[in-house]
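Below: the structure, in structure tokens.
Bear in mind these aren't lab numbers, they're just calculated from the coordinates by the rules spelled out. The structure displayed is predicted, hence computed values, not measured ones. FYI the Cβ positions are ideal-geometry reconstructions off the backbone, even for glycines, and counts take in every protein chain you see.
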Amino acid sequence: MSVPTALINDHLDAHFLATDQRPSHKRQKRELALDQLTPCELIRDFLPEDLAARLLQQLLKDSESWTQGTWWIAGKEHTAPRSSSYYSVGDREALERHKDSGNALDVSSRVAMAAGPASLQTAAQLCTYALANLYKDGQQGVGAHSDKLTQLGPRPTIASLSLGASRLFRVRRAGTVDAAAEGREPAVELADLMLPHNTLVIMFPPTQEEWRHEVPKTKSQCKPHPASGTARLNLTFRSLKPEWQRIGRVNES
Ligand SMILES: O=C(O)CCC(=O)C(=O)O
Ligand SMILES: [Fe+2]
């Protein structure tokens, strides 16, 4: 089974490059819009410029109190290579419930976004909270994962706003399907795109079920922003589904 390789081209704007799973000499570089490749959509310059700048400043300040999650595996403590916090979006109760969910992250509900800018709330329409992340530099990131369906219910829509430094966002199919063996045209398996300041990625269903996403650690793919340097901040808007959370917790135990 061939391993797909990502091609990165940071000059591309609303498009990104992806490779299929053919042997390398047969692989085709394809330049397609994100929504042609995956169930995701990308919106550049999402917020009015001054609002994005203010939000970046506010989050940079807030992030001084954000914490790096920790967890234990086989008696060894691991620390997440990013700092995180939760913001409520018009539903403080949901935030309180989330605190008890046993999430590995240290939850801070210090700041409510309920009174936040109207356009941000429009983006977050059906969302009850936002998970905020700070990646100080290219040495911080988040590994390939799907967002936990036990808290979000099946087929969630998640909107992710990037602020500050540009970082690479990678989306890859969750299960490897050997298209060649099945006699089909190879499907796109992995796609990379740079996310500059003020870009919104909407992960529509079934992104969480069928794809994994990540912000890989990098030496070269971190383009500084004048206001934040190498720091990238991210807000992912989600809707907590307590009814699914309960079922998930029973299943997990
Ligand atoms: O920083 C990002 O763009 C992704 C964050 C993410 O995937 C998450 O917090 O679950
Ligand atoms: Fe995620």
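How much net charge surrounds residue 233 when only other residues with a Cβ under 14 Å from its Cβ are counted (Lys, Arg +1; Asp, Glu -1)? Please list the in-between numbers first.
Working: positive: 54, 61, 82, 136, 167, 232; negative: 62, 64, 137.
Here the count lands on +3.
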*Amide H neighbours of residue 47 under 5 Å, at least 5 residues apart or on other chains, H built in the peptide plane: list them.*
none
*Report ³J(HN,Hα) in whole Hz for each residue of the stretch 223-233, in order, from the Karplus equation J = 6.51 cos²θ - 1.76 cosθ + 1.60 where θ = phi - 60°; Gly and Pro get x.*
9, x, 10, x, 8, 10, x, 7, 7, 10, 10
_Label-point separation, residue 79 to residue 220 (7 Å along Cα→Cβ), nm_ = 2.9
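Using DSSP to define loop residues, name the trypsin sites (Lys or Arg not before Pro) in the stretch 200-232 whose beta-carbon has at most 13 other beta-carbon atoms within 10 Å.
Details: sites: 212, 217, 219, 232; in loops: 217, 219.
Passing both the DSSP loop test and the Cβ count: 219.
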